[in-house]
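Colleague: Quick one: structure below, then a few questions.
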Amino acid sequence: MENSKSNTIDRKDINKQSVSWSDIQVYSDIHHTIDQMARLPKDNNLYLDKNIAHKALNLLGYFKEQLKIRPPKIINQDGEALAYTWVIGNIKRYLIVADEEVSLMDLTLDGQDSYEEVLSQDDNLPLDKIKERLLVQTNSLST
């Protein structure tokens, strides 16, 4: 991704000191939605693999309880992955949870620049890497 001051993501853009009541409701709605997608028949367009749903729900709780960040939006990627998304300044950040991979992707809203990183290629959740990437200023965007 191009390095410029306009692409800097500051910790305050995604992080909050506490989760508000409205955020708690959004987190609850997201949890319910992911749970419902995992219960759909496999031939349903919104079906989400149960293993992916389980990992995604664990991450959702981590975002809310440990990181205390504002709730993401979600995108079901054909049942094969779930993407959590946030808009941070002029960047759209995706944290993608697949069966055996967790990755991070940043795209500028104008589509000119992108950054992608695989955080884990096994069934484990790389919580330290996720925390670092979501809360700490993104060096690839600011240096």
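Colleague: Which condition number in (1) part of a helix (DSSP H, G or I); (2) surrounded by 12 or more Cβ atoms within 10 Å (Cβ to Cβ); (3) hydroxyl-bearing (Ser, Thr, Tyr) is the one that Tyr84 fails?
Modeller: (1)
Colleague: Could you list, in sequence order, all residues of region 108-130 that are assigned to a strand (DSSP E or B) and either closer than 18 Å to Gly61 by Cβ or of a type in the set (A, V, I, L, M, F, W, C) (or both)? Break it down into steps so the answer makes sense when it comes.
Modeller: Applying the first criterion (assigned to a strand (DSSP E or B)) to region 108-130 yields 108, 114-120.
If the condition is that a residue be assigned to a strand (DSSP E or B) and either closer than 18 Å to Gly61 by Cβ or of a type in the set (A, V, I, L, M, F, W, C) (or both), then Val118, Leu119, Ser120 are the ones that fit.
Colleague: Tally the residues that are in a helix (DSSP H, G or I), of a type in the set (A, V, I, L, M, F, W, C), at pLDDT below 90 and surrounded by 12 or more Cβ atoms within 10 Å (Cβ to Cβ), restricting the search to region 7-36. Break it down into steps so the answer makes sense when it comes.
Modeller: Filtering region 7-36 down to residues in a helix (DSSP H, G or I) leaves 7, 11-14, 21-36.
Remaining after also requiring of a type in the set (A, V, I, L, M, F, W, C): 14, 21, 24, 26, 30, 34.
Filter once more, so that each one left must be at pLDDT below 90: 14, 21.
Of the ones still in play, those that are also surrounded by 12 or more Cβ atoms within 10 Å (Cβ to Cβ) are 14.
Going through region 7-36 one residue at a time, the tally reaches 1.
One line per residue, one yes/no per condition, for (1) modelled with pLDDT under 90; (2) surrounded by 14 or more Cβ atoms within 10 Å (Cβ to Cβ); (3) of a type in the set (Ser, Thr, Tyr); (4) not in a strand (DSSP E or B):
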| site | (1), (2), (3), (4) |
| --- | --- |
| Ala38 | no, yes, no, yes |
| Leu46 | no, no, no, yes |
| Lys92 | no, yes, no, no |
| Asp106 | no, yes, no, no |
| Glu132 | yes, no, no, yes |
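Colleague: Kindly provide the set of residues from region 65-76 that are more than 18 Å from Leu125 (Cβ to Cβ) and modelled with pLDDT of 95 or more, ordered by number.
Modeller: Listed by number, the residues that qualify are Lys73, Ile75, Asn76.
Colleague: From the list Leu95, Leu127, Leu67, which one is within 30 Å of Asn44 (Cα to Cα), out of contact with any His (no Cβ under 8 Å at 6 or more places or on another chain) and in contact (Cβ under 8 Å) with a residue 24 or more places away in the chain? I'd like the intermediate steps shown before the answer.
Modeller: On the way: Leu127 fails: within 30 Å of Asn44 (Cα to Cα); Leu67 fails: within 30 Å of Asn44 (Cα to Cα).
Step by step, each of Leu95, Leu127, Leu67 is checked, and only Leu95 is within 30 Å of Asn44 (Cα to Cα), out of contact with any His (no Cβ under 8 Å at 6 or more places or on another chain) and in contact (Cβ under 8 Å) with a residue 24 or more places away in the chain.
The values are calculated or read from the model by the stated rules, or taken from the named source; none is laboratory data. What you see is a predicted model; the values in this text were computed from it and never measured. Reconstructed Cβ throughout: ideal geometry from the backbone, glycine too, with neighbour counts over all protein chains shown.
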